[in-house]
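*Asks:* Structure below; questions to follow.
The values are calculated or read from the model by the stated rules, or taken from the named source; none is laboratory data. Note that the structure is predicted; figures quoted are calculated from it, not measured. Note that each Cβ is placed from the backbone with ideal geometry, even for glycine, and that neighbours are counted across all protein chains shown.
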Amino acid sequence: MAMLADSRPRPRLSLGRDLAIDLGTANTRIYSRGAGVVLDAPSVVAMRGRDVVAVGQQAKQMLGRVPEEFEVVQPIQHSVIHQYDATERMLRYFVQSAHGRSLISRPRLVVNVPSHLTGVEQRAVRDAGYAAGARQVFLVQTAMAAAIGADVPIHESRGHFVLSIGAGCTEVAVIASGGIVSGTSLRTGGVDFDVAIVEYLVEHFDMRVGEVTAEQIKINLGSAVPVDGIPVMTVQGQDSRTGLPKQIELSSVHVRKALQRPLDELLSALRRVLDTTPPEVSGDLLRTGLVVTGGGALLRGLPERLEHDLGVPVRLAAQPQLSVVEGAGRCADNISSVRRLLLIEPAL
Ligand SMILES: Nc1ncnc2c1ncn2[C@@H]1O[C@H](COP(=O)(O)OP(=O)(O)OP(=O)(O)O)[C@@H](O)[C@H]1O
Ligand SMILES: [Mg+2]
């Protein structure tokens, strides 16, 4: 893996607290050296013209519910900066709330990036980091950060299998000897589970719901395996034929059917990666197994389903939605010792 060398001048003294940032499609998380995870907020910005009126949780509450003169944006899509200006302003706000405003202590940043990012997209992440006040920006691969944060011994010669399911991006990697030996990066994630629910309701119930409602249905009723009892919930939305408000009772059985397609796609991706893993390493995975991270890993029954379908032991990381930022944070704790091994420079 390429090592880091930043072209910008480096100060001799290491001032201030270094930070790690997981700039996610749905949520941004910040880890501060010595303090742990200090910020966990939705990656959402509400604007009125050029003015930012809300960031984070407050902006998320405005999604789909504002008059025309407002624009509520999710500037990160598929873990890629989609709207640079809004990202820069959001990040500056988050870094300042996590770090304070003092200019003499500009932090060094470690930011995770998925492996599908192009050199230009990586450059945008770095630029946003510098614009947020960093004095140096280091990048680490998301799958590697997820593994470190989930306590996977990445330097062992034995192989370890890691999955990170975010909102807009899924990373799969087999790691051995401190590097990725096989893997893939998908531009799909938890959001696609929500979209599958939206489509299912139109098709089977003539009912339109927004993605916020679909996500709530997924969290309340979604599962990857049959569950005890048959939980139900009342869902409110709009009749897709008449346009009038409508209410239905939805059961977990329907939701499991709706999630079948995205789950099958996830399993195919995992199987493809196993298929391209060298046999020696592949054999290790029967013992070391798969560790599942990311907010999407919280889908009920997912570890059991993966274990059943892949035939390797599966472990859900503790606080899976924080694994990536914790792992990037451990890199930030000790930048000098990991930079040669883990941190990358954009291929420009
Ligand atoms: N209990 C749950 N069951 C199912 N899915 C869940 C649950 N809790 C959160 N999620 C999903 O996890 C996803 C968010 O995960 P996470 O915060 O790791 O994503 P992200 O880091 O912002 O995105 P990405 O890594 O793709 O850029 C959302 O799609 C959310 O719906
Ligand atoms: Mg993520």
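*Asks:* For the range 152-168, which positions are more than 16 Å from ligand 1 (Cβ to nearest atom) and either assigned to a loop (DSSP other than H, G, I, E, B) or crowded, with 24+ Cβ neighbours inside 10 Å (or both)? Show your work before the answer.
*Replies:* In the first step, residues of the range 152-168 are kept if they are more than 16 Å from ligand 1 (Cβ to nearest atom); the result is 152-161.
Residues satisfying the conditions are VAL152, PRO153, ILE154, HIS155, GLU156, SER157, ARG158, GLY159, PHE161.
*Asks:* Could I ask something else about it? Out of the range 319-331, which residues are within 14 Å of ligand 1 (Cβ to nearest atom) and hydrophobic (A, V, I, L, M, F, W, C)? Explain how you work it out, then say what you get.
*Replies:* Within the range 319-331, the first condition is being within 14 Å of ligand 1 (Cβ to nearest atom), and the residues that meet it are 319-328.
Once the filter is applied, which keeps residues that are within 14 Å of ligand 1 (Cβ to nearest atom) and hydrophobic (A, V, I, L, M, F, W, C), the range 319-331 yields LEU322, VAL324, VAL325, ALA328.
*Asks:* Find the strands (runs of 3 or more DSSP E) located wholly in the range 204-316 whose residues include 3 or more that are under 27 Å from the mean Cα position of the chain (by Cα), and list them.
*Replies:* So the answer is 290-293, 314-316.
*Asks:* Does the range 109-119 contain at least one residue that is more than 16 Å from ligand 1 (Cβ to nearest atom) and more than 20 Å from the chain's Cα centre (by Cα)?
*Replies:* No: the range 109-119 contains no residue that is more than 16 Å from ligand 1 (Cβ to nearest atom) and more than 20 Å from the chain's Cα centre (by Cα).
*Asks:* Of (1) in contact with a Phe, Trp or Tyr (Cβ under 6 Å, 6 or more places away or on another chain); (2) modelled with pLDDT of 95 or more, LEU343 satisfies all except one. Which?
*Replies:* (2)
*Asks:* Same structure again: With a cut-off of at least 2 residues that are crowded, with 16+ Cβ neighbours inside 10 Å and in contact with a helix residue (DSSP H, G or I) (Cβ under 8 Å, 6 or more places away or on another chain), name the helices (runs of 4 or more DSSP H) lying wholly within the range 30-149.
*Replies:* Where helices (runs of 4 or more DSSP H) fall fully within the range 30-149 and carry at least 2 residues being crowded, with 16+ Cβ neighbours inside 10 Å and in contact with a helix residue (DSSP H, G or I) (Cβ under 8 Å, 6 or more places away or on another chain), they are 84-99, 119-131, 142-149.
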